[in-house]
1. Scanning segment 131-142 for residues that are open to solvent by 20 Å² or more (accessible area, probe 1.4 Å) and touching a strand residue (DSSP E or B) at 6+ places or on another chain (Cβ under 9 Å), which turns out nearest to I174 (Cα to Cα)?
2. Taking the conditions exactly as written (open to solvent by 40 Å² or more (accessible area, probe 1.4 Å), in contact with a strand residue (DSSP E or B) (Cβ under 9 Å, 6 or more places away or on another chain) and of a type outside the set (G, A, S)), does K226 satisfy them or not?
3. Is segment 242-253 home to any residue that is under 13 Å from E219 (Cα atoms) and within 17 Å of the chain's Cα centre (by Cα)?
4. Quick check: anything in segment 64-79 surrounded by 16 or more Cβ atoms within 10 Å (Cβ to Cβ) and more than 14 Å from ligand 1 (Cβ to nearest atom)?
5. Name the residue, out of I224, I271, that is touching a Pro at 6+ places or on another chain (Cβ under 9 Å), over 18 Å from I66 (Cβ atoms) and either of a type in the set (A, V, I, L, M, F, W, C) or within 15 Å of ligand 2 (Cβ to nearest atom) (or both).
6. Take the residues in segment 84-108 that are hydrophobic (A, V, I, L, M, F, W, C) and within 14 Å of ligand 1 (Cβ to nearest atom); name whichever of them is farthest from R27 (Cα to Cα).
7. Scan segment 43-51 and tell me whether some residue there is open to solvent by less than 50 Å² (accessible area, probe 1.4 Å), in a strand (DSSP E or B) and within 13 Å of ligand 1 (Cβ to nearest atom).
Amino acid sequence: MSTINDPTEFRLTGISSRQKETLIYIRNHLISSKSFTMIAGPCAVESREQMFEIANAISEAGAQCIRGGAFKPRTSPYSFQGLGVDGLKYLKEAASRYNLLSISEVMSVEQADSMKDFVDILQIGSRNMQNFNLLKAVGKMSIPVLLKRGIVSTYREWLLAAEYILLGGNPNVILCERGIRNSACFPQPVFDVTAHHRLKKITHLPIFADPSHASTDREEVINIAKAALVSGFTGILVEIHPDPDKALSDAHHSLTIKQFRQLINELKTLIELSKMEWK
Ligand code: PEP
Ligand code: MN
């Protein structure tokens, strides 16, 4: 069964446009299917201390990149909206102190240019996957972009969103599956474990997994992360917090630092059984 009707639509993201997988070099790190990339951090940057504590813990555990939202897309306007530029400063300071790469979500065209001075990777969240002006704006930049799958998006819509960025001249796109809504499990999103397998037949772009946003609890995050690794995803983005019950956003699925260490160890064991390297 084909999940895409016309693969020739993907002029730049399709495998026919490029014989080799896209490799993304970010400082001393290489994103490729031969190495595994772990991105971890809080849903939202809440304080300088929080970011330093997390950066210390994740670098010790072997993660390569720290995340933290400074501008948060929240369902309710009454929920915490993020620390804005201060959040980006804390993220940058913590990342450079522990020699980690950093990523944060960009929500608007106006933010895109100034954010490149704070982070190594821009995240486009699921709610903005089809914000075409934003896709065009990051397409004109060279900074790597992690493009989450929209909450109800098909593979075609997702790849064509990536196509906008490549068409603008930026080849550094990472796709990230984060769970989609379907009627059977509504309103909880369901992580699409088949996404890597199916998309790899169509695109040369790297495909990461975010096991956090489709999970109902912390145990599920760990199980989905392991399933994602085994099913071929070559990077994981996971939300953690020093005191998850007090997290200002996404408390229910944020892992404790102890759980994160356990997860990394379990993933490393799985990696040893595969042919990938932990770099
Ligand atoms: C996030 O990463 O915190 C986030 C809001 O993700 P998504 O766009 O996948 O919901
Ligand atoms: Mn989140």
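1. Among residues in segment 131-142 that are open to solvent by 20 Å² or more (accessible area, probe 1.4 Å) and touching a strand residue (DSSP E or B) at 6+ places or on another chain (Cβ under 9 Å), the one nearest to I174 (Cα to Cα) is M141.
2. It is false that K226 is open to solvent by 40 Å² or more (accessible area, probe 1.4 Å), in contact with a strand residue (DSSP E or B) (Cβ under 9 Å, 6 or more places away or on another chain) and of a type outside the set (G, A, S).
3. Within segment 242-253, one or more residues are under 13 Å from E219 (Cα atoms) and within 17 Å of the chain's Cα centre (by Cα).
4. yes
5. Numbers: I271 fails: touching a Pro at 6+ places or on another chain (Cβ under 9 Å).
Step by step, each of I224, I271 is checked, and only I224 is touching a Pro at 6+ places or on another chain (Cβ under 9 Å), over 18 Å from I66 (Cβ atoms) and either of a type in the set (A, V, I, L, M, F, W, C) or within 15 Å of ligand 2 (Cβ to nearest atom) (or both).
6. Per the stated criteria, the residue is M107.
7. Filtering segment 43-51 down to residues open to solvent by less than 50 Å² (accessible area, probe 1.4 Å) leaves 43-47, 50-51.
Subset that is in a strand (DSSP E or B): 44.
Next cut, within 13 Å of ligand 1 (Cβ to nearest atom) only: 44.
For segment 43-51, residues open to solvent by less than 50 Å² (accessible area, probe 1.4 Å), in a strand (DSSP E or B) and within 13 Å of ligand 1 (Cβ to nearest atom): present.
Residues are listed down the side, and each one gets a yes or a no for (1) within 15 Å of ligand 2 (Cβ to nearest atom); (2) open to solvent by 10 Å² or more (accessible area, probe 1.4 Å):
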{"site": "D192", "(1), (2)": "no, yes"}
{"site": "K200", "(1), (2)": "no, yes"}
{"site": "L205", "(1), (2)": "no, no"}
{"site": "E220", "(1), (2)": "yes, yes"}
{"site": "S231", "(1), (2)": "no, yes"}
{"site": "I240", "(1), (2)": "yes, no"}
{"site": "D245", "(1), (2)": "no, yes"}
{"site": "A251", "(1), (2)": "yes, yes"}
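The values are calculated or read from the model by the stated rules, or taken from the named source; none is laboratory data. Remember, predicted model here, so these are calculated numbers, not experimental data. Neighbour counts are summed over all protein chains in view; Cβ atoms, including those assigned to glycine, are modelled from backbone coordinates with ideal geometry. These accessible areas exclude ligands, DNA and RNA; they are computed on the full protein's heavy atoms, side chains included. Shrake-Rupley method; radii C 1.70, N 1.55, O 1.52, S 1.80 Å.
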